[in-house]
Each structure stands twice: as structure tokens, then as C-alpha cells.
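A.B. asks: First the structure, then my questions, so here it is.
The values are calculated or read from the model by the stated rules, or taken from the named source; none is laboratory data. All of these numbers come straight from a predicted model, not from anything done at the bench. Backbone-built Cβ (ideal geometry, glycine too); neighbour counts: all protein chains shown. Ligands, DNA and RNA are stripped out before the accessible areas are found, and what is left, the full protein with its side chains, is counted by its heavy atoms. Shrake-Rupley method; radii C 1.70, N 1.55, O 1.52, S 1.80 Å.
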Amino acid sequence: MSTIKQTFSWLGCAAAGLLALAMLAPAHAQVLAVQPAAPVAPPAQTSGFACSAPAEVTRLNYPLRHAARRLASGEPLTIVAIGSSSTAGAGASSPAASYPSRLAVELKQRFPTQDITVLNRGVNGETTEQMMARFATGVIAAHPDLVLWQVGTNSVLRDRPLKSHAVLLHEGITQLKEAGADVVLIDMQFAPRVLAKPETEGMEDQIAVAAKDESVDLFRRFAVMRNWHDVQHIPFDAFVAPDALHMNDWGYGCVAKLLAAGIADAATRPVASAAARSAR
């Protein structure tokens, strides 16, 4: 009987220790890690679905000239991901499952000898204007070669006017280009709460027009996720979190995989070919 008591006592101590560790975890999670020193195993993902999307919605049309020079010379490549909660990783099981963290792993697998750093500068709930207020300290100060700017969702969710948002979008792209970085815009997520807003279609059009007018790349996340749901018939709960807004581990992981392929292609393809494609 004493042995049983000792066993339960030991289990109680172990449980208390695990609880203490769990309570400490959020403090570390606030620092969204850069690319790991070595590739880590991907988080558990929804089984039964392949990660794919048509090339016409994943290909980056413009060459990533700054990133290309870094890769060609073997110099370190710095990528900054700026955005709101779907950049920070809301809906994911851990910071390691956010799209920037997964992107770092995917790029390391594609360029194993290259020093590639992906900095996550996502902040939950931010609008375009609030992101731009952080450009100087959160983006430009890191001297990025490539900036991934996820934009639009919170402005739509909060019913912000599209006209004033268009002005901010162009101003923000100009600032990032003047900082000497390649720019890739990432549009909204195809998720029930976004689809319920009347300005969603207008925002999608606005982001696409801004990318074309400013000659910067656009990763069409909305079209990718719509293809999953409408064409591949993958249910929302396979790639969207229970809040009906953010992605889950599988969604973030697949977006990162497709985005990594697009970046690798745009940073290594012959410039003449890329220019011809973007002119269409």
C-alpha cells in the first residue's frame, strides 16, 4: 500500500513540474524564432490531403533581384515577414507552426548551404496603418533582402474604407522598396469570417492592382485557399482553425511550402524569363 502511495506521490510531483513548465511556455512563445539552426520536423498536420495549388496562383511573376544576388553570392539572406495575426501564427499549435517558421525550414531544405534568416514581425490585430508605423524599427532596421507583407484582413474585418486603404498600401510598398528590399505582398485568407464581409472582393482587387502598379510580387493566398476548398474539396476545418478565421498547422505549413517554392523560383530563374512573364 505504501508503494502505491509513493507512486501517486511521484506522479503528483511530475504533474506539478509539467504544469510549471507549461506556465512558463507563453513567455518564450512571444519571441517568434528566426530560422532554426537545423531543419526541425514539421508539426502534426491533417492527414489525407496533399499540399498543392495551381502554378498560376502560386508563381511569383517578378524576379526577386536582391534575394537572387544573395543566393548567387552565397551571402546571408534576411527575410522579414510583417503582418498581423496570420503572420504571428494565431491558430497554430505553437510558434514553430507559424508560416514564417515553416518557411525558414522549407527554404533551408531547398538551399541547405545558405545562411537564411526569417524574422517574424507579425502582431495580432494590426491594421495596415499600424504595420507601417513599425516599418522603421521592425522591418527596415533588420536590413532585409526580402519583405513579405501580409495585409488587408483586419481592415476588412473592421469595415475600414477601401479608398483610404489603397493610399496606405501604395505608400507602404514605396517605403519598403526604398529600403532596398524585394517585396512580396500576401493577400487575405479564404476563411468563413473573411468571406462574410462585403468588402472582401474589393480588397482582393485592390491588393492585386497595387502589386501590379508597383511592380512587386503577390502571393495569392486567397486564391490558393479557395482552390483547396472549391476545387480540391478540402473542408474548411482541415486548414482553418476553429475560430473560422486563422489557419491551422496544416494550412500554415502548406502556405509556407508553396511560398518557398515561389521564392526559390523567382530568385533563381533567368531575369529575362521573369520579366517576360510579368509583362503579360
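A.B. asks: Check whether at least one residue in segment 232-247 is modelled with pLDDT of 95 or more, within 15 Å of residue 57 (Cα to Cα) and assigned to a helix (DSSP H, G or I), and report yes or no.
C.D. replies: Kept after step one, since they are modelled with pLDDT of 95 or more, are these residues of segment 232-247: 232-247.
This time we only want the ones that are within 15 Å of residue 57 (Cα to Cα), so: 232.
Next, from what is left, pick out any that are assigned to a helix (DSSP H, G or I): none.
No, segment 232-247 contains no residue that is modelled with pLDDT of 95 or more, within 15 Å of residue 57 (Cα to Cα) and assigned to a helix (DSSP H, G or I).
A.B. asks: How many residues are closer than 22 Å to residue 70 by Cα and either open to solvent by less than 30 Å² (accessible area, probe 1.4 Å) or touching a residue at least 24 places away in the same chain (Cβ under 8 Å) (or both) if we restrict to segment 136-170? Full working, then the answer.
C.D. replies: Applying the first criterion (closer than 22 Å to residue 70 by Cα) to segment 136-170 yields 138-149.
Among the residues that remain, those that are also either open to solvent by less than 30 Å² (accessible area, probe 1.4 Å) or touching a residue at least 24 places away in the same chain (Cβ under 8 Å) (or both) are: 138-140, 142-149.
Within segment 136-170, residues that are closer than 22 Å to residue 70 by Cα and either open to solvent by less than 30 Å² (accessible area, probe 1.4 Å) or touching a residue at least 24 places away in the same chain (Cβ under 8 Å) (or both) number 11.
A.B. asks: Looking at segment 171-192, which of its residues are among the aliphatic types (A, V, I, L, M), in contact (Cβ under 8 Å) with a residue 40 or more places away in the chain and not in a helix (DSSP H, G or I)? Even if it seems obvious, please write down each step before you answer.
C.D. replies: Narrowing segment 171-192 to residues among the aliphatic types (A, V, I, L, M): 173, 176, 179, 181, 183-186, 188, 191.
From what's left, in contact (Cβ under 8 Å) with a residue 40 or more places away in the chain: 173, 176, 179, 181, 184, 186, 191.
Answer for segment 171-192, where residues must be among the aliphatic types (A, V, I, L, M), in contact (Cβ under 8 Å) with a residue 40 or more places away in the chain and not in a helix (DSSP H, G or I): 179, 181, 184, 186, 191.
A.B. asks: Among 177, 197, which is open to solvent by 10 Å² or more (accessible area, probe 1.4 Å) and over 21 Å from residue 63 (Cβ atoms)?
C.D. replies: Working: 177 fails: over 21 Å from residue 63 (Cβ atoms).
Of 177, 197, the one residue that is open to solvent by 10 Å² or more (accessible area, probe 1.4 Å) and over 21 Å from residue 63 (Cβ atoms) is 197.
A.B. asks: Could you tell me which numbered condition residue 75 fails, if it satisfies all but one of (1) modelled with pLDDT of 50 or more; (2) under 18 Å from the mean Cα position of the chain (by Cα)?
C.D. replies: With respect to (1) modelled with pLDDT of 50 or more; (2) under 18 Å from the mean Cα position of the chain (by Cα), residue 75 is out only on (2).
A.B. asks: Residue by residue through segment 98-121, note down the ones that are out of contact with any Gly (no Cβ under 8 Å at 6 or more places or on another chain) and under 21 Å from residue 139 (Cα atoms). I'd like the intermediate steps shown before the answer.
C.D. replies: Of all residues in segment 98-121, those out of contact with any Gly (no Cβ under 8 Å at 6 or more places or on another chain) come to 103-112, 115-119.
Within segment 98-121, 103, 104, 105, 107, 115, 116, 117, 118, 119 qualify.
A.B. asks: Let me ask something else. All but one of (1) within 24 Å of residue 215 (Cβ to Cβ); (2) open to solvent by 20 Å² or more (accessible area, probe 1.4 Å); (3) at pLDDT 95 or above hold for residue 125, so report the exception by its number.
C.D. replies: (1)
A.B. asks: Something else: Just checking, which of 93, 98, 85, 52 is at pLDDT 95 or above and under 21 Å from residue 181 (Cβ atoms)? Steps first, please.
C.D. replies: Working: 93 fails: under 21 Å from residue 181 (Cβ atoms); 85 fails: under 21 Å from residue 181 (Cβ atoms); 52 fails: under 21 Å from residue 181 (Cβ atoms).
Result of the check over 93, 98, 85, 52: 98.
A.B. asks: For residue 132, only one of the following conditions fails: (1) open to solvent by less than 30 Å² (accessible area, probe 1.4 Å); (2) not in a helix (DSSP H, G or I). What is its number?
C.D. replies: (2)
A.B. asks: Let me ask something else about it. Name the residue that is surrounded by the fewest Cβ atoms within 10 Å (Cβ to Cβ), counting only residues in segment 200-231 that are basic (Lys, Arg) and part of a helix (DSSP H, G or I). Reasoning before the result, please.
C.D. replies: In the first step, residues of segment 200-231 are kept if they are basic (Lys, Arg); the result is 212, 220-221, 226.
Going one step further and asking which of them are part of a helix (DSSP H, G or I), we end up with 212, 221, 226.
Numbers: 212: 13, 221: 26, 226: 17.
Per the criteria, the residue is 212.
A.B. asks: How many residues, within segment 180-194, are surrounded by fewer than 19 Cβ atoms within 10 Å (Cβ to Cβ) and closer than 30 Å to residue 248 by Cβ?
C.D. replies: The qualifying residues number 2.
A.B. asks: State whether one or more residues within segment 91-101 are open to solvent by 30 Å² or more (accessible area, probe 1.4 Å) and among the aliphatic types (A, V, I, L, M). Break it down stepwise before answering.
C.D. replies: Let us first name the residues in segment 91-101 that are open to solvent by 30 Å² or more (accessible area, probe 1.4 Å), namely 91, 93-96.
Within this subset, residues satisfying the condition of being among the aliphatic types (A, V, I, L, M) are 96.
Checked against the condition, which is being open to solvent by 30 Å² or more (accessible area, probe 1.4 Å) and among the aliphatic types (A, V, I, L, M), segment 91-101 yields at least one hit.
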